[in-house]
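Single-structure report; data block below.
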């Protein structure tokens with residue numbers, strides 16, 4: 001259903017390094033690398049994350065209410081990605097925890113450009 005989600009970034013090299021390292025443990029890597037945009041994912045046939053310098057050359061900034069959620073497969077994997085993101089320079093926007101009893105477990109961070117990310121597990 002979703003082909004890719006794009007996050008505007010101010011430094012493409014740093015963003016590729018952050019997201020490439022962050023998502024490597026779930027099998028993602030840079031699949032397409034162009035001048036102002038890179039696509040990161042498991043395959044071109046699966047949903048991807050694109051990081052890009054905005055086309056209009058205006059400063060990158062996160063939209064209020066926009067967020068990308070990654071599903072690593074377990075509560076332990078949510079914790080692992082959260083702590084890895086923090087170690088890679090992200091800031092905490094909600095420590096790992098059960099948000100909805102027996103339904104939703106999640107953790108939230110913001111990357112260097114302020115883009116909000118969620119690591120989540122349903123179950």
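Might you let me know whether the range 25-42 holds any residue that is at pLDDT 95 or above, in a loop (DSSP other than H, G, I, E, B) and on the phi > 0 side of the Ramachandran plot?
Yes - at least one qualifying residue is present in the range 25-42.
Inside the range 43-59, can you point out the residues that are out of contact with any helix residue (DSSP H, G or I) (no Cβ under 9 Å at 6 or more places or on another chain) and under 20 Å from residue 14 (Cβ atoms)?
Matches in the range 43-59: 48, 50, 54, 55, 57, 58, 59.
Answer yes or no: is there a residue in the range 47-56 that is more than 18 Å from residue 4 (Cα to Cα) and outside any strand (DSSP E or B).
Within the range 47-56, one or more residues are more than 18 Å from residue 4 (Cα to Cα) and outside any strand (DSSP E or B).
Looking at (1) over 18 Å from residue 115 (Cα atoms); (2) surrounded by 14 or more Cβ atoms within 10 Å (Cβ to Cβ), which is the only condition residue 45 fails?
Among (1) over 18 Å from residue 115 (Cα atoms); (2) surrounded by 14 or more Cβ atoms within 10 Å (Cβ to Cβ), residue 45 violates only (2).
Among the residues of the range 63-95, which ones are assigned to a helix (DSSP H, G or I) and in contact with a helix residue (DSSP H, G or I) (Cβ under 8 Å, 6 or more places away or on another chain)?
77, 80, 81, 84, 85
Out of all the residues in the range 70-90, is one or more out of contact with any strand residue (DSSP E or B) (no Cβ under 6 Å at 6 or more places or on another chain), surrounded by 18 or more Cβ atoms within 10 Å (Cβ to Cβ) and under 30 Å from residue 35 (Cβ atoms)?
Within the range 70-90, not a single residue is out of contact with any strand residue (DSSP E or B) (no Cβ under 6 Å at 6 or more places or on another chain), surrounded by 18 or more Cβ atoms within 10 Å (Cβ to Cβ) and under 30 Å from residue 35 (Cβ atoms).
For the range 1-26, give me each residue that is more than 11 Å from the chain's Cα centre (by Cα) and under 15 Å from residue 61 (Cβ atoms).
Residues satisfying the conditions are 8, 9, 10, 11.
Of all residues in the range 1-21, how many are touching a strand residue (DSSP E or B) at 6+ places or on another chain (Cβ under 9 Å) and either farther than 24 Å from residue 55 by Cβ or assigned to a strand (DSSP E or B) (or both)?
Qualifying residue count for the region: 5.
The values are calculated or read from the model by the stated rules, or taken from the named source; none is laboratory data. What you see is a predicted model, and the numbers here were worked out from it, not measured in a lab. Please note: Cβ atoms are built from the backbone with ideal geometry, for glycine as well, and neighbour counts cover all protein chains shown.
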